[in-house]
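A quick write-up on the structure given underneath.
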Ligand SMILES: Nc1ncnc2c1ncn2[C@@H]1O[C@H](COP(=O)(O)OP(=O)(O)OP(=O)(O)O)[C@@H](O)[C@H]1O
Ligand SMILES: [Mg+2]
């Protein structure tokens, strides 16, 4: 189906990619889009953020419904390759022999980017999948990996299409590339946290997406953003700290010092976001830092409510 969104969430390690992917997927499912949330390599942060249980067995290639209208799958490149080979080698005995062979193991380990390519191929298959002439998914949201190498997946189809300039691999890679580069369908969302290095890294990701990757940029999220301080906070704190405090005032001094540290973080946040805006020209969306003892499904649901559906805004 033309125009069906295929969304990929990228960003450096630990910034909140899985949380944002889960919140987006949850929000789409709430808006009655049949949504598939996909995690790459092995079940981890996305499964956790969606509250998916029983993932200890490893990859769950078959999508599993985890909430009304919301399914979860984990795609592992090696499994995807085995599945693909099963299509070409339908004799099970032959297939098993191939998959067990040392040469095959060696080939999979040695071929650069093969696993990434098979993974993206499988994503493409899910995107185009139909049942009884109807598309199975309205939306696909991909959490592109815990390794911080999420762009590798997006780089592979172009590399493969170039390396193999004709034949099957070229054709398949080109089809995947056509989907990825189509701004009507694909959006790559970038997540960062409001500190100097993460924001610089996010700007670099934007630059790569605009540059050699040539991929459509979706939304930019600054996750764990602090709320603005109350008016006059800086003046009140410095007045408090200017007075010598002892004894009964020691507690007050500690609170004032903590308040000042918090203002320091707010300054870092403002400066790092301003630098990002100056270098990319994009004003990011902020998602609040949630100060909870244990970050869980409830917080993800709250973030989902804050993430409005951009398609609905456009209409
Ligand atoms: N808005 C938020 N407020 C408070 N804590 C948050 C917020 N978003 C995420 N976290 C916390 O940060 C942790 C890391 O988030 P998440 O797993 O989404 O990051 P990630 O970018 O997917 O990490 P990785 O690169 O390891 O896959 C979460 O387990 C959660 O505890
Ligand atoms: Mg993650």
What does the helix-only formula give at 222 nm for the chain: each DSSP H stretch with n ≥ 4 adding -39500 (n - 2.57), the total divided by the residues, and the result rounded to the nearest 500 deg cm²/dmol?
-> -16500 deg cm²/dmol
Provide the gained length on full extension for the span residue 132 to residue 181, in nm with one decimal, where the gain is 0.36 nm per separating residue minus the Cα-Cα distance.
-> 14.8 nm
Cβ crowding within 10 Å averaged over residues, with 17-26, 294-303 ranked highest first | 17-26, 294-303
Anyone know which of 195, 204, 130 comes out most mobile in the 10 Å Cα GNM of the chain?
-> 130
For all pairs of alpha-carbon atoms in the stretch 36-108, what percent lies in each bin of width 5 Å, listed from the first bin to the last filled one?
-> 3, 15, 23, 17, 14, 12, 10, 5, 1
Spin-label pair residue 265/residue 170, simplified geometry with 7 Å Cα→Cβ offset, distance in nm = 5.4
Translational diffusion of the stretch 99-158, µm² s⁻¹ [Kirkwood Rh, Cα pairs; Stokes-Einstein; 25 °C; 0.890 mPa s] | 181
Within 10 Å, count the other beta carbons around each residue, average over each peptide in 228-238, 157-167, 112-122, and list them highest first.
-> 112-122, 157-167, 228-238
Along the three principal axes, how long is the stretch 231-309 when you take its alpha carbons, biggest first, rounded to the nearest angstrom?
-> 53, 35, 18
P(r) over all Cα-Cα pairs of the stretch 172-267, 5 Å bins from 0 to the longest distance, whole percent per bin, short to long, reads 2, 11, 15, 13, 10, 9, 8, 7, 6, 6, 5, 3, 2, 1, 0
Segment residue 107-residue 253, extension gain: residue separation times 0.36 nm, minus the distance between their alpha carbons = 46.2 nm
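The numbers here are math on the coordinates, done by the rules we state, and not lab data. Just so it is clear, the structure is predicted and the values come from calculations on it, not from any experiment. FYI the Cβ positions are ideal-geometry reconstructions off the backbone, even for glycines, and counts take in every protein chain you see.
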